[in-house]
Structures are given as structure tokens and as C-alpha cells.
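Below is one structure, written out as C-alpha cells; the observations come after it.
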Amino acid sequence: MKKGLFILFVMWMSVVFSQDYSAYQIYTKKGKKTNFSAVLKQSENKKVVFFGEHHNDPIAHWLQLELLFHLHKINGNNLICGSEMFEQDNQKALNSFLNGKIEEKSLKDSVRLWPNFKTDYLPLLDFAKSNQIPWIATNIPRKYASLVYKKGIKSLDTINSIEKTWIVPLPIEVDTTLSQYSALLNSAMHMGNNFVYAQAIKDATMAWFIYQNLKNEQVFYHLNGTYHSDYFQGIMWYLNYYSKIPITEMLSIATVSQKNCSTLEKEHIGKADFILCVPENMTKTH
């Protein structure tokens, strides 16, 4: 009897200590397991690198910082960064921070910062500041995206000439046959086309300011919500449209969450060159 209980105890302990409590798993576009070293290696010969995040995911933000370190090591002064988290009308204040003319408190007073700025984005900016890496505020000012959602894309014709410099030149092409926009259209029919156009104006604006600031010899590293670059659409589609940079010269990373990260769920296969899979119960930053 004692021997049987001992065997059961050993089996139980074996199960407990064999459980995988990994914080994340990286997958290829085809759903095969890989590692972050493969992401770093692939990033070395790309013109533009997109890291699509879940905004409150700490693993994505940590790996974004690690990728920034690597890209700077490889590209040095030819690296330029940008992100959705800063809007074009805040570029002047952002530059002042990066150039050491204002401190963090003044930046906070001058710029519409996200609630997790200090934990998730400030470390990236601090590294950029220390290494003189330009950081482009690529996003459309939120009030204009809101205006499109409420009144339609034509409402942007009413803004003044200075305000128009903060958004992509109008009119914009919107391909509603793209799967991401088509899904939005089908899931939000009660909202009308404005919802899709509000999304598209964000994507187009971010792509436009990447295009406007990327020089021939440079590499651009861009952070954005994963939806904006999933399936090589959104910003990536518009960047190809404006700059003719082939999608093959861009690298995309998507973030997904699953209850179990041991296998990538079918719905996530093909979302990006690499898919960062994080447990659903991972601690959130806000």
C-alpha cells in the first residue's frame, strides 16, 4: 500500500514540475514554433520592421525594447523609430524631449500620453534619447479620426491647412475588400462605413509619415496596435501603396493571446512573419 502511494506521489510531482509556465511562445507565419533570436536575425535585412502589440501586454513591450536594442546595434545612426502612441501634432514636443530641451514632466504636460506611458513606452524613448534616434509621431490626432467616425471622411475637408499637415494627404484610397477592413465592415454594419474609414485614416496617416521620414539608407522601426499591421494589411498596405517598398522588405510581428500557448490556434496563422503568443492571464499594464 505504501509503495503504491509513493508511486502516485512521484507521478503527481512529475506532473506538477513538468508544467510549462513559459511567459510567451514565438511562432512563424505558418504556425511553427521558433524563438526570439529568429526574429532578431530576420530583422537585420529589412527596410521597415513593424511590432504589432496588445497595448497592455508587458511581454510585447519588453520584447519591443529588446528588438530596439538589436536594431540599433545593427544599424546605428541609420535607425529611425516611430509609433502609433504619439500623434503628429505632438511631434514638436516629442522632439524637445528627445533633444533634452524638456524633461518627462513637461512632456507629460505637453503631449497626450497613454496611461501606460511610463512603464511601457518611456524606456523606449529614453533609449532613443540617449542614442540620438529620431522618433516620429506617426498617428493622426485622435480628434480627426473621431470626426471621420462621426461625420465621414469628407468632414476632413473642413479642417484648416495647418491641421491638414498632421494627416495623410486627401483623398485616400480605401480598399474594403481587404480582409481586415471587410471584417470591420461586416461586424459593424450598424455603424456604417465611417467606422472603416476612421480605421483607414489612421493606417494611411501612419504609413504616410513613415514614408515621409524614411531615407534610402535608413531602417524604420514602428510600434502599433497589432490590428494595424495584421495580415500585412493596414499600415503595411498603405506604405507599399505610397512608397512602393515591397512587403517582402518589411518584417511584421503580431501579438495574440491564448489560454494555452503550446500550439498556435488556426485563426492566428498567417497574421505576420512572426506571431508572439502570450497567455490570456498574463499580467496587464493598465
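The values are calculated or read from the model by the stated rules, or taken from the named source; none is laboratory data. None of the values given here were measured: they were computed from a predicted structure. Note that we place each Cβ from the backbone using ideal geometry, even for glycine, and neighbour counts take in every protein chain shown.
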- Message: Given the condition farther than 18 Å from residue 129 by Cβ and part of a loop (DSSP other than H, G, I, E, B), answer yes or no: does some residue in the stretch 70-82 qualify?
- Response: no
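Give me a count of the residues in the stretch 230-247 that are of a type in the set (A, V, I, L, M, F, W, C), surrounded by fewer than 24 Cβ atoms within 10 Å (Cβ to Cβ) and in contact (Cβ under 8 Å) with a residue 40 or more places away in the chain. Full working, then the answer.
So in the stretch 230-247, the residues of a type in the set (A, V, I, L, M, F, W, C) come out as 232, 235-237, 239, 245, 247.
Filter once more, so that each one left must be surrounded by fewer than 24 Cβ atoms within 10 Å (Cβ to Cβ): 232, 237, 245, 247.
So of that shortlist, the ones also in contact (Cβ under 8 Å) with a residue 40 or more places away in the chain come out as 232, 237, 245.
Total satisfying the criteria: 3.
From the list 262, 257, which residue is over 13 Å from the mean Cα position of the chain (by Cα), of a type in the set (Ser, Thr, Tyr) and assigned to a loop (DSSP other than H, G, I, E, B)?
Matching residue, one of 262, 257: 262.
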- Task: Answer with yes or no whether residue 162 is of a type in the set (A, V, I, L, M, F, W, C) and in contact with a Ser or Thr (Cβ under 8 Å, 6 or more places away or on another chain).
- Result: no
- Task: Answer yes if at least one residue in the stretch 31-38 is under 18 Å from the mean Cα position of the chain (by Cα), of a type outside the set (Gly, Ala, Ser) and at pLDDT 95 or above, and no otherwise.
- Result: yes
- Of the residues 52, 31, which is closer than 19 Å to residue 222 by Cα and either touching a residue at least 24 places away in the same chain (Cβ under 8 Å) or of a type outside the set (A, V, I, L, M, F, W, C) (or both)? 52
- Message: Can you say whether residue 4 is in a helix (DSSP H, G or I) and either closer than 24 Å to residue 166 by Cα or at pLDDT below 95 (or both), as far as the supplied structure shows?
- Response: yes
- Among (1) modelled with pLDDT of 95 or more; (2) surrounded by fewer than 15 Cβ atoms within 10 Å (Cβ to Cβ), the one test that residue 109 misses: (1)
- Message: Filter the stretch 117-165 down to the residues that are at positive phi and exposed (fewer than 13 other Cβ atoms within 10 Å of the Cβ) and list them by number.
- Response: 132
- Message: Looking at 139, 78 in this structure, which one is within 22 Å of residue 207 (Cα to Cα) and over 20 Å from the mean Cα position of the chain (by Cα)?
- Response: 78
- Of those in the stretch 216-229 that are in contact (Cβ under 8 Å) with a residue 60 or more places away in the chain and either outside any strand (DSSP E or B) or among the basic types (Lys, Arg) (or both), the residue surrounded by the most Cβ atoms within 10 Å (Cβ to Cβ) is 229
- Hey, could you check the stretch 166-184 for residues that are surrounded by fewer than 19 Cβ atoms within 10 Å (Cβ to Cβ) and without any contact (Cβ under 8 Å) to a residue 40 or more places away in the chain and say which is nearest to residue 268 (Cα to Cα)? 183
